[in-house]
Amino acid sequence: MALIFEIRDAEEGGYYARALGHAIFTQADSWDELRGNVLEAVSVHFEDAEERPRMVQLHYVKDELIPVEAA
């Protein structure tokens with residue numbers, strides 16, 4: 001079983017991560033720190049090793065607003 005985290009840029013800098021389908025949320029200032037925080041959050045959430053997912057997918061979503069001038 002794989003667990004997917006949606007990763008977005010935090011407004012104040014860094015990143016935040018939200019697991020899809022589970023109440024798991026974490027944040028960090030750097031990508032490497034985020035990876036560690038995600039793994040720690042998954043371990044805490046799934047205390048039973050048999051239920052813990054074998055893989056975690058980090059899906060980075062970047063929103064960008066582009067102004068369109070009137071033609």
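Residue-wise test of (1) free of Cβ contacts under 8 Å to residues at least 24 places away in the same chain; (2) charged (D, E, K, R); (3) touching a Phe, Trp or Tyr at 6+ places or on another chain (Cβ under 9 Å).
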position: Glu6; (1), (2), (3): no, yes, yes
position: Glu12; (1), (2), (3): yes, yes, no
position: Leu20; (1), (2), (3): yes, no, yes
position: Arg35; (1), (2), (3): yes, yes, no
position: Val44; (1), (2), (3): yes, no, no
position: Ala49; (1), (2), (3): yes, no, no
position: Gln57; (1), (2), (3): no, no, yes
position: Pro67; (1), (2), (3): yes, no, no
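Candidates Val61, Val42, Val56: the one that is touching a Lys or Arg at 6+ places or on another chain (Cβ under 8 Å), aliphatic (A, V, I, L, M) and either at positive phi or surrounded by 12 or more Cβ atoms within 10 Å (Cβ to Cβ) (or both) is Val42. Scan segment 11-39 for residues that are assigned to a loop (DSSP other than H, G, I, E, B) and surrounded by fewer than 17 Cβ atoms within 10 Å (Cβ to Cβ) and jot them down. Correct list: Glu11, Glu12, Gly13, Gly14, Leu20, Gly21, His22, Ala23, Asp29, Ser30. If only residues of segment 24-64 that are at pLDDT 95 or above and of a type in the set (Asp, Glu) are counted, the one that is farthest from Ala2 (Cα to Cα) is Asp29.
The values are calculated or read from the model by the stated rules, or taken from the named source; none is laboratory data. Bear in mind that the values here come from a model prediction, so they are computed numbers and not experimental data. All Cβ positions, even for glycine, are placed from backbone atoms using ideal geometry, and neighbour counts span all protein chains on display.
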